[in-house]
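Written out below as structure tokens is the structure these notes cover.
The values are calculated or read from the model by the stated rules, or taken from the named source; none is laboratory data. Being a predicted model, the structure only gives us computed values, none of them experimental. Cβ sites come from the backbone with ideal geometry, for glycine too, and all protein chains shown count toward neighbours.
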Amino acid sequence: MRLSLLAAGLAFASHTALAQAQPVVAEAPLRAHLAFLADDLLEGRGTGQRGGDLTVRYLETQAAAIGLKPAAGKLYRQSVKMVGTTTLPGSSARFDVGGKTLAPTLGSDILFANANGQAQVRIDAPVVFAGYGIDSHEERWNDFAGVDVKGKLLIVMVNDPKPTAAEPRRFGGKSLTWHGRWMYKYEEALRQGAAGILLIHTLESASYPWSVPATSFGHERFELAGAGNALQGWIHEDTARTLFAAAGQDLDLLRAQAEVRGFKPVELGIVMHAALDSKIRQVEQFNVAGIVPGTDPVLKEQAVIYSAHWDHLGIGAANDGSGHVADHIWNGAIDNASGAAALLAMAQAALAHPARRTQIFLWPCAEEQGLIGSLAYVRNPLWPLAKTAVDLNLDSMNFVGTTRDIGVAGSERSSLHASAERVAKRMGLRLAPAVPDLGGAYFRADHFMFAKAGVPAFNVGSAVFSGDGSFEFADHPADASARMVAFKNHYHQVSDQYNPAWDLSGMLQQAQFTLNLGYAIANAASMPVWNRDDPLGKVKR
């Protein structure tokens, strides 16, 4: 009996000590990993490129070196099979309207690619303006009502219908919902059987300039095998305005009409003729994942996931501004060598203090291609989703200095918000004030695929991810905020490069908060739960 009581006492003391122990993230490994992952040697960590293969090899080697257990049997790799498509020169589009032919310039007026894995696509399709391109039962909204759009080319707006005085909360009020994202609109066009879809680009609605999708469509694009439209892309607002005017339509008037519930799609009397010639290849890329096993005999069957995508845009041709086209490397130092490096440093710290639940460190591939790696993971999880407590994601981290608050946008959808508040308080931090999610940030990073699958998740944000410099910096706040806002000029550009002069104290702070939060969840008595009224909480696991 005494031995049993002694054993029970030791076990209780062990768990008490475990709960008090805190893993500490070190700056030296974080900086070293960041510098290497953003180096030219890795050629921008491109999906389906040599630099991507080198990155996977580096991550799995480092995971093994620090002592993470393989998450995929004996491997750190999880295979993700994709189709790579490169639109070839000579691909073109023209519009027949009012007895005239308009031929927009690929790259400056219109962007498109095929996503169905076919080397040759020919489209001759009538054009339909379909408002926001949304069909949502819960919002009682259908932009396709009354018109069969099968085999037709859709032109739609980005974003959601705006709130009104009568319906201030429709489509999330001021915040963007999933229905406003380009990914949703491409998916809906496919469900509707459309021949293709073009999104009207404006800076306000997209929240980024034309150069961002232009860069993306200028590279090889990827889809999970067997899923995608024959044509999908963007049309510049000026081009759309000219096209609609040629059809006797006022673009602004149609957009205003599309704000009203009961809007019917408009057949424009325009026919699009598109010729897409593409280089197609089958690509196998990899998520990388390692495990810190839990210590509790029961709770170790449940897991906390930390994620950060490893990929960026790779190496390819770009205009240097003088008309000269040369090979450039999109190093993606902040987006997202920062998150990938932080995860390695966090894993090293976590191994010194295992938690009661298992902790998984996951580096998804192909995030820049549409969250492909995280989508592949939730379709074929390495750990049962029903036993996954949370996904805490890091993407584009703070590189200008410490803050007095921490961004947790999206945590308010679940009990994670209360947990984050407690962890922040222990660290002497405040939670950054909630602001409307105008750019749909919650739907733009890998955690969202976990949320869609039913796992509470959010991106542990910084002022980089908010993009508005609204966080309160501890030192030289005006200068720090200005440098953070200026990162918009480097987002998805070749200028997103590592600078050894960066003060990484803010990045370290963000990584430490994320690990502390994950550690608190990993040692808690129960797993996080969605708020009762949150639509994501209804998703089946």
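Return the residue satisfying two criteria in turn: it lies in the stretch 25-56 and is under 20 Å from Glu368 (Cα atoms) and of a type in the set (Asp, Glu), and of such residues it is surrounded by the most Cβ atoms within 10 Å (Cβ to Cβ).
Glu43
Is it true that some residue in the stretch 465-480 is among the polar types (S, T, N, Q), under 26 Å from Leu313 (Cβ atoms) and modelled with pLDDT of 95 or more?
no
Do we find that Val455 is buried (at least 24 other Cβ atoms within 10 Å of the Cβ), of a type in the set (Val, Ile, Thr) and within 23 Å of Met484 (Cβ to Cβ) in this structure?
When the stated conditions are applied, Val455 does not pass them.
Could you look through the stretch 479-536, keep only residues that are more than 21 Å from the chain's Cα centre (by Cα) and among the acidic types (Asp, Glu), and pick out the one that is farthest from Glu138 (Cα to Cα)?
Asp503
Got at least one residue in the stretch 168-186 being in a loop (DSSP other than H, G, I, E, B), at pLDDT below 95 and of a type in the set (Gly, Ala, Ser)? Break it down stepwise before answering.
Of all residues in the stretch 168-186, those in a loop (DSSP other than H, G, I, E, B) come to 168-169, 173-177, 181.
In the following step, the residues that additionally are at pLDDT below 95 were identified as 168-169, 173-177, 181.
Imposing the further condition that a residue be of a type in the set (Gly, Ala, Ser) reduces the set to 173, 175.
Yes - at least one qualifying residue is present in the stretch 168-186.
When residues of the stretch 109-161 are filtered for being crowded, with 21+ Cβ neighbours inside 10 Å and not aliphatic (A, V, I, L, M), how many remain?
So the count comes out to 12.
A quick yes/no check of all residues on (1) more than 15 Å from Gly290 (Cα to Cα); (2) modelled with pLDDT of 95 or more; (3) in a loop (DSSP other than H, G, I, E, B):
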| position | (1), (2), (3) |
| --- | --- |
| Leu351 | no, yes, no |
| Arg356 | yes, yes, yes |
| Phe361 | no, yes, no |
| Pro381 | no, yes, yes |
| Ala386 | yes, yes, no |
| Ala389 | yes, yes, no |
| Ser396 | yes, no, yes |
| Val400 | yes, no, yes |
| Ile406 | yes, no, no |
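How many residues does the stretch 76-124 contain that are under 30 Å from Gln249 (Cα atoms), in contact with a strand residue (DSSP E or B) (Cβ under 8 Å, 6 or more places away or on another chain) and of a type in the set (S, T, N, Q)?
5
What are the pairs with Cβ atoms under 8 angstrom where one residue, in the stretch 245-258, is touching a residue at least 40 places away in the same chain (Cβ under 8 Å) and the other, located anywhere, is part of a loop (DSSP other than H, G, I, E, B) and among the hydroxyl-bearing types (Ser, Thr, Tyr)? Sequence gap at least six, or different chains.
From residues that are touching a residue at least 40 places away in the same chain (Cβ under 8 Å), the pairs are Ala258/Tyr132.
List the pairs whose first member sits in the stretch 27-42 and is part of a helix (DSSP H, G or I), whose second member is charged (D, E, K, R), and whose Cβ atoms are under 8 Å apart, counting only residues at least 6 apart or on separate chains?
Sorted first by the residue in the stretch 27-42, then by its partner, the pairs are Leu37/Arg45.
Could you please find all residues in the stretch 413-437 being crowded, with 16+ Cβ neighbours inside 10 Å and in contact (Cβ under 8 Å) with a residue 24 or more places away in the chain?
Arg413, Ser414, Ser415, Leu416, Ser419, Ala420, Val423, Ala424, Leu429, Leu431, Ala432, Asp437
Within the stretch 442-452, is even one residue within 18 Å of Ser207 (Cα to Cα), small (Gly, Ala, Ser) and modelled with pLDDT under 85?
no
Report, ordered by the first and then the second residue, all pairs with beta carbons closer than 7 Å, sequence separation of six or more or different chains, a first member in the stretch 388-412 that is in contact (Cβ under 8 Å) with a residue 60 or more places away in the chain and hydrophobic (A, V, I, L, M, F, W, C), and a second member that is in a strand (DSSP E or B) and surrounded by 24 or more Cβ atoms within 10 Å (Cβ to Cβ).
That search, which allows pairs on different chains as well, returns Ala389/Ala303; Ala389/Val304; Val390/Val304; Val390/Ile305; Val390/Ala457; Leu392/Tyr306.
Being part of a helix (DSSP H, G or I) and at pLDDT below 95 is the filter here, so list the residues in the stretch 213-264 that pass it.
Narrowing the stretch 213-264 to residues part of a helix (DSSP H, G or I): 213-217, 237-246, 251-257.
Pro213, Ala214, Thr215, Ser216, Phe217 - these are the residues of the stretch 213-264 that are part of a helix (DSSP H, G or I) and at pLDDT below 95.
Output the residues belonging to the stretch 207-229 that are buried (at least 21 other Cβ atoms within 10 Å of the Cβ) and small (Gly, Ala, Ser).
Correct list: Gly228 only.
Quick one: which of Arg430, Arg483, Arg422, Arg413 is more than 26 Å from Asn531 (Cβ to Cβ) and basic (Lys, Arg)?
Going through Arg430, Arg483, Arg422, Arg413 in turn, the sole match is Arg483.
Taking the stretch 412-434, which residues are at pLDDT 95 or above, part of a helix (DSSP H, G or I) and under 27 Å from Leu176 (Cα atoms)?
Result: Leu416, His417, Ala418, Ser419, Ala420, Glu421, Ala424.
For every residue, the table says whether it meets (1) under 21 Å from Leu30 (Cβ atoms); (2) surrounded by 24 or more Cβ atoms within 10 Å (Cβ to Cβ); (3) in contact with a Leu (Cβ under 6 Å, 6 or more places away or on another chain).
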position	(1), (2), (3)
Pro354	yes, no, no
Thr358	no, yes, no
Ala366	no, yes, no
Val378	no, no, no
Leu382	no, no, no
Lys387	no, no, no
Asp395	yes, yes, no
Asn398	yes, yes, no
